[in-house]
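The values are calculated or read from the model by the stated rules, or taken from the named source; none is laboratory data. Keep in mind it's a predicted model, so treat the numbers as computed, not measured. Using ideal geometry, Cβ is built from the backbone for each residue, glycine included, and neighbour counts are taken over all protein chains shown. To get the accessible areas, we keep the full protein, side chains included, count just its heavy atoms, and leave off ligands, DNA and RNA. Shrake-Rupley method; radii C 1.70, N 1.55, O 1.52, S 1.80 Å.
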Amino acid sequence: MGMEIVASAPGKVTLFGEHAVVYGEPAIVASIDKRVYVKCKPRKDNIITISALNLNVPGIILTIDKDGEIKLETDYGKVLSAVSYIKEAIKLTQEFLDIKYGAEITISSEMPVGAGLGTSAAVAVTTIAAFAKSHGYDLNLKDIARLSWQTELKVQGIASPMDSTIATYGGFIYLRYDGKDFEFENMKGVGELPLVIGYTRRLYKTGEMVAKVRRLINRYNQLGGDLVKLIGRVVELAKKALLTNDLKTVGELMNINHGLLDTLGVSTKELNDIVYIMRGFGAYGSKLSGAGGGGVAIGVAPKRRMREIIAALKLIEATPIETSIGGKGLKIGKLKT
Ligand code: MEV
């Protein structure tokens, strides 16, 4: 009984509408060509083992400060966080399918985890699909996306279904969520979108950033609501611009979206540096992407400008990530035995 399975799912960039999506406004997300991989071997007992091969997190950083003190920093919290998503994803899948057995899970990632690229959702989607299949169940995509969203809700408290939907289906997705149910469409007509990503250390978790925005909105009720609605209007205009491949307008709308996110308090100096460097070196427009508080910013730029933008990002110590977008969602395969 049981078979060894490998599943992979893509990371994502939020092109427009993060944070406002939590308050019922639409958002547009795209998959990237960096993926999370999970290998799953079923067990005959109920034990679960997890090996993390490569989660692209910096290891231990030692620095000596100006007083000669040695300081130690580590990103292993992010590895532990990935493990909590795996644990929860397996628990929910076991309950849903009434599986009593465990599994040996091996995980690796082509992108940094916890950077705002949707790795948590990709981890959940791949774990759920691989675990179910390894025990002989073919879950449909809808159930995989739903269980993955539930996993995110359990681990981080607040989450829209945006990340789990894009990790499952891939492509370009326009999504709207009313706090309970959601609907989405796959934007099939989006043309080529030359995109560049800059990554800087993420200091806060998604849940913390969502809570920060919530505090601001509660404090400035009407104003907060207006800001969120404005983001929604940007998203509607961006949808049209994306479908007509009007890259200049897409860029300008990214700038407006970034300004509004900065106003909501989720940008940082490092993210703003990335955003302005991209614009300074010829991007049509740029914005932070994801929950903010560090993490990634994206820019749309003419292809001929990409090389310079990437070089400039390296100079300000932001890690450039080159990727195409809009590729496939979940992939699943059997390992030959
Ligand atoms: C995080 O990738 C995007 C947020 O809108 C939160 C969410 O939608 O769950 C900030």
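Numerical summary
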{"read-out": "Rounded to whole Hz, the Karplus (6.51, -1.76, 1.60) HN-Hα couplings of segment 287-304, x for glycine and proline", "value": "7, 5, 9, x, 6, x, x, x, x, 10, 10, 10, x, 9, 9, x, 4, 5"}
{"read-out": "For residue 285, residues with placed amide H under 5 Å, excluding near neighbours", "value": "300"}
{"read-out": "For residue 114, residues with placed amide H under 5 Å, excluding near neighbours", "value": "119, 120"}
{"read-out": "Hz values of 3J(HN,Hα) by residue in segment 274-284 - Karplus curve (6.51, -1.76, 1.60), Gly and Pro given as x", "value": "4, 4, 6, 4, 4, 5, x, 9, x, 5, 5"}
{"read-out": "Tail beyond 18 Å, pair distance distribution of segment 195-321 (Cα, percent)", "value": "53"}
{"read-out": "Degrees between helix 247-263 axis and first principal axis of the chain (Cα, 0 to 90, nearest 10)", "value": "80"}
{"read-out": "nm² value of the averaged projected area, convex hull over the Cα atoms of the chain", "value": "18.2"}
{"read-out": "Segment 257-273 versus segment 147-213: alpha-carbon centroid distance in Å", "value": "18"}
{"read-out": "With Cα atoms, 0 to 90° folded angle of helix 221-243 axis to the chain main axis", "value": "80"}
{"read-out": "Nearest 10 degrees, 0 to 90: helix 119-134 Cα axis against the chain principal axis", "value": "20"}
{"read-out": "Carbon and sulfur %, accessible surface of segment 195-321 computed with the full protein complex present, 1.4 Å", "value": "54"}
{"read-out": "Only Lys, Arg (+1) and Asp, Glu (-1) charged, at Cβ; the chain dipole about Cα centre in debye", "value": "440"}
{"read-out": "Lysines with Cα under 24 Å of residue 212, excluding same-chain neighbours fewer than 8 positions away", "value": "12, 78, 154, 180, 229, 269, 287"}
{"read-out": "Highest to lowest packing among 276-286, 4-14, 36-46, 181-191, scored as the average C-beta count within 10 Å", "value": "4-14, 276-286, 36-46, 181-191"}
